[in-house]
Every structure is written in C-alpha cells, then in structure tokens.
Amino acid sequence: MTTGFIYAAGEVQMQEGFIDVPSGKLWYQKCYTKDNEHKAALIALAGGPGCKHDYLKGLLTHADKLPVVLYDQRDIGKSRVGKPNKELWTIEQFIADLAQLISTLNLDKVHLLGHSWGAVPVFEYALRYPEKVASIVFASPLLSTPRWLSDTKTLLAQLPSDVQHAIQLHEAAGTTDDPAYQMATRVFYKQFVCRNVPMPGAFDNAEIYGAMWGPSEFTATGTLKDYDRSELLASLRCPVLFTCGRYDEALPETMAEFAQSTPHGRLEVFENSAHIAMCEEPEAYQTAIAQFLDEVVKK
C-alpha cells in the first residue's frame, strides 16, 4: 500500500508518501517529468546504517532525465513510524524493503545508487534480480567488511600516536562511549569521512548503526562484521560506476580493484573529497553522475 500526494514544481512533479513493509512504513519521494515518468527510475540508498536521505538530495537534479526516488530506510528519518522491530534490522530485511519499494511503485527496471552501507542492499538486490537492474552506482561502497577494516587500519596508522592510543585503549576496555574515544574517532572522521565541509546532519539512528556495524567506522562488531560479497562483482552484467574521494575511507586503490573485477565497471575519483563526495564536491559529483546516466538511460 502507498499513500501520499503529488505536486508540480515547474516541469518536475513530486510524489511523496509511505509504503507498507513488515513492522513499519517506508517514506519515499519520487520526482519526475511527464516525459520521463515511465522510464526506469534511479533509486538512491543512504549509508550508515542509520543515515537518512537528506544528503542525497542533489540527485534530484537528474529528475529531468529520469525519475529519481529517494527514501528513508526502515526506522530512520521519516520512516521512524511506530515502535521498531529490532529483529528486522537484518541485511535480508533491508533488501526485502528495497524490493517492496520497487514493486509497490510498479517499476519494471531501475538504476540503483548505494552509498557506503547502502551499497549492500543495492548489490544484493542486483544479484537476486539482475533483469530488473539497468545500472548501478557504487558510491564509496561497503562490499567487503574484511577489506574495509584492513583499509581503515592502514588509515588509522596515519593518525597521531595519541589518537591511536586512545582508540586502542578504549576498544580494548570496551569503553567506546568514553568522551576520549569519541574525540579520537572524530579525528579519523575529519580526515577520511568528511574533510572540507561540515559533516552532513544525515546520521539519524545510532542504535541501528551499533547493531549492524559497531562503535566506529573502523571497528565492526555487528551483523555486518563478516559481510563479504566482493568476489561476486564479476557476475554483474549491467554498467557499474564506482565513485570515491581521494582521501576516502573506502580507499581508491580498493575501489579500483573492485571496478576492475566488474565486467562493465569503471571508477571516478574526486580529488578533493573523502567519503561524502556528493557533499564535498557537489558540482563535480553530479556532473559525473549525469555523464554516466547519459550513457545508460535509454532515450
């Protein structure tokens, strides 16, 4: 079931509402024009887990080319409806939610963009329903937790020794809620998550983040701690664009390897960004997305 409203702003119309999913609702927003309403839509998934859609709004600039759908994942942002069922904070349920969104909106084929954690349900959906996926953008993606942790360990070693010591001390003691640990993690985030603009206020549900990932970007203790599907990149047959920042915690070297492992994959690196290039270099980022969409969207 979907409920909502539609209004027009110039040539672009916006449909907004909620979709029923097990133990909750998903808020979504779809922007399109009368000329592209029935084209395959671009659906974007935020990172985290626990981030709302807000920092991905720049993608709406492509609504003149194809329908663009943003949504808040379960128990996040505008999808915080009722009491959460924490037993459904699983990879499988987030994939099922995405599938339900696509089905309810009657989308025969889709372009998918997943940022960071958002790449997980995108990748898994594409593996299950390859005939439904026209293209993929993996934006600084999580595709292998072991590789992610190895890469962030390399980055941690670049930080001042007192910062490294604080992180090691409090993780060993299990006191990751200590202010000293939180301050140390912010040093990492300033370098490798978002370095040249204020951190977007998209992070919304720390409980989901802790349950599925862990206490910090470089320590995984949750249900994603063993996730690794990178060996299946070779099975993707649609065009795939990988993006990352030069100073990204998703290391450019790793992203290059992933792109090379993907039959129709390529990589775009943003030279003045870390992990949130769509906010750090918004014009360059949306230009790269527009160029990719020009190639993959059928006229």
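Among the residues of region 131-143, those that are surrounded by 13 or more Cβ atoms within 10 Å (Cβ to Cβ) and out of contact with any Lys or Arg (no Cβ under 7 Å at 6 or more places or on another chain) comprise V133, S135, I136, V137, F138, A139, S140, P141, L142. Restricted to region 247-256, and to residues there that are surrounded by 16 or more Cβ atoms within 10 Å (Cβ to Cβ) and not β-branched (V, I, T), the residue that is nearest to F138 (Cα to Cα) is M255. Starting from residues that are surrounded by fewer than 18 Cβ atoms within 10 Å (Cβ to Cβ) and not hydroxyl-bearing (S, T, Y), keep the ones in region 97-122 and report whichever is nearest to the chain's Cα centre (by Cα). Across region 97-122, the extreme among qualifying residues is A99.
Throughout, read-outs are computed from the coordinates displayed, never taken from laboratory work. Nothing here was measured: the structure is a model prediction, and the numbers come from that model. Cβ: placed from backbone, ideal geometry, glycine included. Neighbour counts: every protein chain shown.
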